[in-house]
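Where a number appears in this text, it was derived from the coordinates with a stated rule and is not lab data. In this text, all values refer to a predicted model and were calculated from it rather than measured experimentally. Ideal geometry is used to build each Cβ from the backbone, glycine not excepted, and the neighbour counts take in all protein chains shown.
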Amino acid sequence: MDCMVLQGGRRLTGEVSISGAKNAALPILASILLGKGTSTLTNVPAVRDVLTMSKVLTHLGASVEARGDRYTITLPGVASCQAPYELVKTMRASVLALGPLLARWGEAIVALPGGCAIGARPINLHLAALEKMGAEIRIEHGNVHACVRGRLKSARINFDIPTVTGTENVMMAASLADGTTVLENAASEPEVSDLASFLIKRGARISGAGTDVITIDGVPELRGADHEIVPDRVETGTYLIAGAITGGEVRVVRCRPDHCDALLAKLQEAGVALKVEKEAIQVRAGGPLRAVDVKTLPYPGFPTDMQAQMMALMALARGSSVITETVFESRFLHVLELQRMGADIRIEGNHSVVTGVERLSGAPVMASDLRASACLILAGLAAEGETRVSRVYHLDRGYERLDAKLAGLGAQVRREAERV
Ligand code: UD1
């Protein structure tokens, strides 16, 4: 297992290019299961979750040829309808195979994802919607077993909570269902829209993606298509904060600033100078950082996937900020590690009260999940002395070449085999 060793205190400067969004690539890859034919995807990020999803697809019968960020995938037919536990357990998003397998091949067996570090993360809303569309679902031996005779039927689905992967799973299933399905209180994240635009290129009839009501007229089949994955807004935000927290000047390119509005507004409120262009954002630390309150919400609210990174920044701001997590119940595991680096943070229920300190001090810390790892890396970049972040396999799940990209901006960072 590797760890990341940082010598903090260097101003980051220069330009960094953003990769494709992991959370768009995963459902788009899973959607290959919706039909035969060949699709070519570009701007696919080189992250471990994408490799895992490719393995799931290969196991199910697809041929996946990857050349850099370009994936050519052909599905001649499915060899199996079962996504194995060994793959699913390492990545919750494997559950995205459920809707496509069921809708196109009539059956899906997907291991029920277990709990995870940031909360319970049930998939009850995915299952209830698919049942409403005529699927028979049972949980057996830790697997979700779903089947349907003939096509799924259309339905009006009102999600209790705007679930991202739930919306994606049901939207994929509904593209092949018989009739018109309406998803209300749907997730409106840009990754949902990116999936919808890929499906539309393949012949699906979807309107309203990007809003909270999505209408899908089912079609009998989908063909292959070419698609470029949308840039990753969480990676974008992470590098913006890397620039701000080190008092540096970083230009983040090949990104979609319009997908980052809530974060950009908070950074500006905190005193970070931003120059926003069409596909680039320049960040320059201005005067001292000011504390701002942050509350995570579904898109277009402040993303829960940026909460931990924003907390690292607030740990060094002037004043106190209240960070409220409303999406996942236990997404504060990074707080204890930040405290070890000298941060002044108090947790009260789903609020963290962060009182900015003069400086953080480098320490050995342990990553608990993907975005918590990013938070600790950011804190380490700004801290005095050495920070050793262990369990960086979490980072490899979702950040492409993070150490190389940071080094390109002047960070002193190296990857080491973890001492046991
Ligand atoms: C996706 C993202 C993840 C991000 C999250 C919220 C992917 C692969 N992952 O995760 O990075 O942090 O959106 O933006 O895209 N819920 C239920 N029942 C369900 C489904 C969800 O109660 O059936 C609850 C969850 O516990 C959570 C909330 O709904 O409290 C939102 O979760 P959801 O949007 O489903 O997150 P994911 O799709 O798993």
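Data overview
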quantity	calculated
The range 324-367 shape via C-alpha gyration tensor axes, a/c threshold 1.5	oblate
Signed unit charges on C-beta, dipole axis of the chain, positive-most listed residue 171, 410, 263	410
Residue 66 versus residue 42: modelled label distance in nm, points set 7 Å from Cα along the beta carbon direction	1.9 nm
Distance in nm between pseudo-label sites at residue 221 and residue 13 (7 Å out along the Cβ direction from Cα)	5.9 nm
Ellipsoid equivalent to the chain - semi-axes via the Cα gyration tensor, in Å	38, 21, 20
Choice from 325, 348, 15 showing the highest fluctuation, given a GNM over the chain with Cα pairs closer than 10 Å	348
Three principal axis lengths of the range 22-228 [C-alpha, angstrom, descending]	41, 36, 33
Residues with amide H under 5 Å from that of residue 385, placed H, sequence gap 5 or more	8, 362
Extension gain, residue 326 back to residue 414 (0.36 nm per residue minus Cα-Cα distance, nm)	28.2 nm
Trypsin sites (Lys or Arg not before Pro) within the range 228-321: DSSP coil, no more than 11 neighbouring Cβ in 10 Å	278
The chain: calculated mean residue ellipticity at 222 nm from DSSP helix runs of at least 4, using -39500 (n - 2.57)	-9000 deg cm²/dmol
Karplus 3J(HN,Hα) series, Hz, for the range 235-247 with 6.51 cos²θ - 1.76 cosθ + 1.60 (x for Gly, Pro)	5, 4, x, 5, 6, 4, 5, 4, x, 5, 6, 9, x
Cα centre as origin, Lys/Arg/Asp/Glu Cβ charges: the chain dipole, Debye	440 debye
Members of 22/278; 22/132; 132/295; 22/55; 89/201; 55/201 lying beyond 26 Å, as alpha-carbon distances in this model show	22/132; 132/295; 89/201
Nearest-0.05 FRET efficiency for residue 279 and residue 404, computed from C-beta distance (R0 22 Å)	0.55
